[in-house]
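Report on the following structure.
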Amino acid sequence: MAASGKDLVLEGITKRFGDYTAVDDLSLHVPAGRFFALLGPSGCGKSTTLRMIAGLEHPTSGRVYIGDEDVTATKAHQREVNTVFQSYALFPHLSILENVAFGLKRKKVPDAVEQAKAALELVELAHLAQRKPAQLSGGQQQRVALARAVVNRPHVLLLDEPLGALDMKLRRQMQTELKTIQDEVGVTFIHVTHDQEEAMTMADTVAVMNAGRIEQIGPPDELYDLPATAFVANFLGKSNLFEATVTESNGDWLSLSFAGTTTGLAASRAVQTTGTIVAGIRPEKIIAAPAGQPPASAGSGWAKVPGGRVTSVSYTGVSTEYEIAVQGLGEFTVFAQNLHSTGFTEGDQVDLWWEESNLFGLAGDADTEAGIEEV
Amino acid sequence: MSTAVQTSAEEKRAWRLRGRMGMLLVLPGFLFIVVFFAIPVFSMLSMSLYTQPEGAATGVFEPGLNFGTYSAMMSTYWDTFIRSFGFALIATVAALIIGYPMAYLVAVRLRGRPLLQGLLLVVIIAPFFSSFILRVQSWRFILADEGFVVSTLETLSILPEGTRLTATPFAVVAGMTYLYLPLMTLPIYANLERMDSRLIEAGGDLYASGSQTFMRVTLPLSMPGIMAGTLLTFIPAAGDYVNAVMLGNNVNTTMVGQVIDSRFFQSVDYPGAAALSSVLMVIILIVVMAYVRRFGTKEIV
Amino acid sequence: MKQLAHRIDISRWFVPVVAGLSFFYLLVPIVYILIYSFNDSGRTNLTWRGFTLSNWQNPCRPAGLCDAFINSLQVALIATVVATVLGTMIAFGLERFRFKFAGSANLLVFLPLTAPEVVLGASLLSQFLNLGVQLGMTTTVLSHIMFCISFVVVTIRARIATLDPKLEEAAADLYASASTAFWKVTFPLLIPGIAAAALLSFAISFDDFIVANFNSGSYTTLPQFMYVAARRGIPAEANVIGSFMFLLAVSLVVAVQVWRYWRRRSLERAV
């Protein structure tokens, strides 16, 4: 199938509802055929952004371009954009086939029914064409909603938390299917989700949104490896963040001092390179070792934080999650792979070790609690 | 950085469009209600203040500000007002007691048996189609002195020999209860029918007994339906007079509607009739507002 | 445990018994009307004088009865059509759009529901008298439209409120203009609500005595005919018409119910 996707460009989009600013001066560029995820907690403005791309909402300021065309003033039904709604929004009075053919019929495509049947083949539901939506399972409805959108070969396809209502197992399966279908049709996908794992497994590019703004855009592995803000560091996986002071700088490399200890930090991995900064390290990049015994892998380029005490142990099978209190620094989370049968128990005295090249540096005024999901 | 952004042209256009469409949809009906309800209510209010010029023929009045009509009417008919509202209240409570179990049976107990539900619903609705007057009339015969009800009750010694049921306040209230029963039952049914059966089941788990579940879960949740049903019964009952005319007497069953009707068509006293209906309208409006505020939900039906 | 089981038992039979009695109460007059439509009664239908089919064979015998019946049918049909169209538009406009006068429109639609028929009738009559309008069929129809319209709005609004607004957005997303979205998606989903509102409208208008009595002048509707006749005794032929309308309504609704039931059964079997 020929690729029909086009670039999507948002230029300084702001959306206000009364005094409330849902989206704040947001700009982004999604190249054609990309699988792009907008990731953020509920209320961050990601769904409003999606609705503005669809034309269901109009921006208070800013422009929307699809390809080279400015569509800001174009109405929803005139945009070559289709949406897979969170609740699917299948028309309950129409059969599955009629649902899928709906858009093509409005565009007066002559072989609408044939194309709709082909789209149902694509999602492997051709045998249910004559059913009504209420007679389908959640996963099947989801696939109908996808077929109903994809069949129109839109320039941009929007997915609004499309997997939110499915159970975990079905969700994994649908993630793979969505990815396959996107490869097949080559449409530009914009996928809105609050599930960071979903965004990371499916998208080529992820934009993390918070309070109406984009915090950071990049491929999932880059975002995870080098978050630029505390929000991204905490929302995308877990991070240990602590304040540290830059004591020395020799161009490529910084020396940090914190709670009586020191560590190195690559200048290229730091947002701020002078004064007090917030340093961060991922839990699986820390090795906890019995006090006074360096781990076998440690060598030059490793930092050591002594004086930790294990305060909690959660065993998850593949790995064990430790909470380790360090005097003057607070709690550290450490993921240890269960390669050996011996682990720590509560109260054990440990030293924390990490390779300095894994450390990242954030701005000194970063809120270390930002993006931690409240339970 | 976002400076103070005004609304964009696109937003304005979208709002204007939606606003205009909403207005266009509402406007014809709105105008109809203005012309055939709002303005008539004002003309009724102004007619209640009309005066009759000295020596003018019957039915000739001229615009004026004669508030005396109100005091004259109220001093004559205050007891009729009290009776009307009293009868309407009793009929409403009776209809609630009779109608709720019907609604509950059909909506909750018979859930999952659509055919039986449908049949019983028809039985509730269909009396509307066999004329109103005929139904009132048939009560006159059912309750008649030599009728089945009276003779049975007398045989069972529930009623003393020679008691009359027709031409009594009882007959009028019974007729009103009967007449407005569907208006009570249907909103309650609609409310109970929408109620999530899991809530009722969860109540069953928590409180174990059926009656406690009912009192603590089902009944409070069905308040919007009860509100709607009681209003739909009370309002027409307070203005009704067909039951009073056909099932009552001339002594202690006269209702306000009857007086308004006879002031208009027999005494040809338009200001008096208009004053009485204005008072009736205002009292009902106050009662309804107090009731909605006290038990209020936004949902009326 | 024993006591508990006992209490559950009481509520088990309490509801059906009370409801059963209520249904009995509801049906007694209907049965009475039906039986007496077969009474060989002569001019007035007061006492049972033997079974006959002649009332059913010739229901138009009493002068004016069938004219009144036809008048009522006409008034109810016109009032229903107009009230349903206007009411549906109001309901859709108020439920789905935000605009300036929505608040006052809302109140104005609600107020007639708080006015008893005698007030609606009397205020319209005041207006017609003020304007010197000749009372007749037109004034009757207008008064009935007014009487029905708020009921239609309330019934249909309740239905629209249960419709997911996302469906309309999905239609717009799938290249349907606002009017196409309404006719292809919203309207078909509203048909049961509109049908219910129309049925209610028809019943209210057909059964109304008070509003018509104030505004019909010498034009006579069926309830007015019966009200006047009641003083001398309503002819058995009127019972025929009442029974006929009742049976017609029952069979119509039952037919729809049975049809829906079978359709659902066959769909379920297809799954």
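The values are calculated or read from the model by the stated rules, or taken from the named source; none is laboratory data. As the structure is a prediction and not an experimental result, all values here were calculated from the model. Using ideal geometry, Cβ is built from the backbone for each residue, glycine included, and neighbour counts are taken over all protein chains shown. SASA here: full protein model, heavy atoms, side chains in, ligands and nucleic acids out. Shrake-Rupley method; radii C 1.70, N 1.55, O 1.52, S 1.80 Å.
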Problem set entry | Criterion (part of a helix (DSSP H, G or I) and open to solvent by 20 Å² or more (accessible area, probe 1.4 Å)) met by exactly one of C:TYR227, C:TYR219 | C:TYR227
For this session: All but one of (1) assigned to a helix (DSSP H, G or I); (2) open to solvent by less than 40 Å² (accessible area, probe 1.4 Å); (3) farther than 19 Å from B:VAL288 by Cα hold for C:VAL109, so report the exception by its number.
Result: (3)
For this session: Among what's in region C:137-156 and is open to solvent by 20 Å² or more (accessible area, probe 1.4 Å) and within 17 Å of the chain's Cα centre (by Cα), pick the residue that is farthest from B:ALA228 (Cα to Cα).
Result: C:LEU142
For this session: Name, by its number, the condition in (1) of a type in the set (D, E, K, R); (2) under 14 Å from C:PHE23 (Cβ atoms); (3) touching a Gly at 6+ places or on another chain (Cβ under 9 Å) that does not hold for B:ARG109.
Result: (3)
Problem set entry | Test set (1) part of a loop (DSSP other than H, G, I, E, B); (2) in contact with a strand residue (DSSP E or B) (Cβ under 7 Å, 6 or more places away or on another chain) - A:SER42 fails condition number | (2)
For this session: Determine if region A:299-320 includes at least one residue that is open to solvent by less than 40 Å² (accessible area, probe 1.4 Å), charged (D, E, K, R) and in contact (Cβ under 8 Å) with a residue 12 or more places away in the chain.
Result: no
Exercise. Counting residues that are among the acidic types (Asp, Glu) and either farther than 25 Å from A:ARG51 by Cα or not assigned by TED's automatic domain parsing to the domain that holds A:VAL271 (or both), which strands (runs of 3 or more DSSP E) fully inside region A:160-254 reach at least 2?
Worked result: A:240-249
Seminar exercise, completed: Of the conditions (1) without any contact (Cβ under 8 Å) to a residue 40 or more places away in the chain; (2) open to solvent by 30 Å² or more (accessible area, probe 1.4 Å); (3) assigned to a strand (DSSP E or B), the single one that A:THR274 does not satisfy is (3)
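Inside region A:1-30, can you point out the residues that are among the charged types (D, E, K, R) and touching a Ser or Thr at 6+ places or on another chain (Cβ under 9 Å)?
Residues satisfying the conditions are A:LYS6, A:ASP7, A:GLU11, A:LYS15, A:ARG16, A:ASP24, A:ASP25.
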Exercise. Among the candidates C:PHE92, C:PHE101, which residue alone is closer than 30 Å to B:GLY19 by Cβ and either exposed (fewer than 14 other Cβ atoms within 10 Å of the Cβ) or at pLDDT 90 or above (or both)?
Worked result: C:PHE92
Problem set entry | Single residue of A:THR72, A:THR83 found to be closer than 29 Å to A:CYS44 by Cβ, within 9 Å of chain C (Cβ to nearest Cβ) and of a type outside the set (A, V, I, L, M) | A:THR83
Problem set entry | Residues within region A:69-115 that are open to solvent by 60 Å² or more (accessible area, probe 1.4 Å) and touching a residue at least 40 places away in the same chain (Cβ under 8 Å), tallied | 5
For this session: Output the number of the condition that A:GLU331 fails; it satisfies all remaining conditions of (1) at pLDDT 90 or above; (2) under 30 Å from A:ASN210 (Cβ atoms); (3) in contact with a Phe, Trp or Tyr (Cβ under 7 Å, 6 or more places away or on another chain).
Result: (3)
For this session: Filter region A:321-343 for residues that are open to solvent by 40 Å² or more (accessible area, probe 1.4 Å) and more than 28 Å from the chain's Cα centre (by Cα) and give the result.
Result: A:GLN327, A:GLY328, A:LEU339, A:HIS340, A:SER341, A:THR342, A:GLY343
Seminar exercise, completed: Output for Cβ contacts, cut-off 6 Å, separation at least six or different chains, first residue more than 7 Å from chain B (Cβ to nearest Cβ) in region C:235-247, second of a type outside the set (Val, Ile, Thr) and part of a helix (DSSP H, G or I), reads C:ALA236/C:ASN55; C:GLU237/C:ASN55; C:GLU237/C:LEU65; C:VAL240/C:ASN55; C:VAL240/C:TRP56; C:ILE241/C:PHE69
